[in-house]
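Following: one structure in structure tokens, then a few remarks.
The values are calculated or read from the model by the stated rules, or taken from the named source; none is laboratory data. Predicted model, so just to flag it, every value in this text is computed and none were measured. A quick note on method: Cβ atoms are made from the backbone with ideal geometry, for glycine too, and the neighbour counts reach across all protein chains shown. SASA here: full protein model, heavy atoms, side chains in, ligands and nucleic acids out. Shrake-Rupley method; radii C 1.70, N 1.55, O 1.52, S 1.80 Å.
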Amino acid sequence: MNIINDIREKQNQLIVMINATFDELVRKVEDLQSGSNEYEKEYESVYPITNTTGFKGKKPIAVKIANERITASTWKIVVEKILKQVLKEREMEDRLMALRDKILGRKRTRVSSSNVTMRSPLKLNEKLYIETHYDTETLMNFLIQILSEIHYDYNNIEIVIKN
């Protein structure tokens, strides 16, 4: 009777090992199909742009816009890369230009045709500047506000963060 229990125990151990092996193989195939790689998973985390509170104290590595990866090492560069991508669409450029001198902060203009009153202006083109002298969370919330104002679909924008 003891031998039968030993056989059943070994059988259960083998089944668990086989299941774990197949689960790992399925995970690897899913990763290959989704386009991610082990390096990304180990050293990077990807978050949607709306995760603004989670960005505080973190270092950006890149921006993914519709699965196109664009390197960005600071939050100011993240904002620049996203808005310059948005400006490639003529309709979005017109909408963004219409926001100049309409989004105001307490002391400074936040989107303007001039950088005169700005503390840390980001030049997007010859007639468009935005203020970037904010902490990470405020800057990213400001970016989302701009994208919402011009009705840009930002659901396909992700931020790659260093772990």
Practice problem: Return a yes/no flag: does region 65-86 have any residue that is in a strand (DSSP E or B), basic (Lys, Arg) and in contact with a strand residue (DSSP E or B) (Cβ under 8 Å, 6 or more places away or on another chain). | Solution: yes
Self-check item: Of residues in region 64-80 being modelled with pLDDT of 95 or more and under 16 Å from Asn155 (Cα atoms), the one surrounded by the most Cβ atoms within 10 Å (Cβ to Cβ)
Solution: Val78
Quiz item: Within region 133-152, can one find any residue that is modelled with pLDDT of 90 or more, assigned to a helix (DSSP H, G or I) and in contact with a Lys or Arg (Cβ under 6 Å, 6 or more places away or on another chain)?
Solution: yes
Quiz prompt | Index of the failed condition, Glu158 passing every other in (1) part of a loop (DSSP other than H, G, I, E, B); (2) out of contact with any helix residue (DSSP H, G or I) (no Cβ under 8 Å at 6 or more places or on another chain); (3) within 23 Å of Pro48 (Cα to Cα) | solution = (1)
Quiz item: Within region 118-129, can one find any residue that is open to solvent by 70 Å² or more (accessible area, probe 1.4 Å) and in contact with a Phe, Trp or Tyr (Cβ under 6 Å, 6 or more places away or on another chain)?
Solution: yes
Practice problem: Write out, first by first residue and then by second, each pair whose Cβ atoms fall under 6 Å of each other, whose residues are 6+ apart or on separate chains, and whose first residue, in region 9-31, is surrounded by 10 or more Cβ atoms within 10 Å (Cβ to Cβ) and in a helix (DSSP H, G or I) while the second is at pLDDT 80 or above and not hydroxyl-bearing (Ser, Thr, Tyr). | Solution: none
Quiz item: Within the bounds of region 110-127, is there any residue that is farther than 30 Å from Glu44 by Cβ, among the basic types (Lys, Arg) and not in a loop (DSSP other than H, G, I, E, B)?
Solution: no
Self-check item: Boolean, Ala66 is within 14 Å of the chain's Cα centre (by Cα) and on the phi > 0 side of the Ramachandran plot
Solution: yes
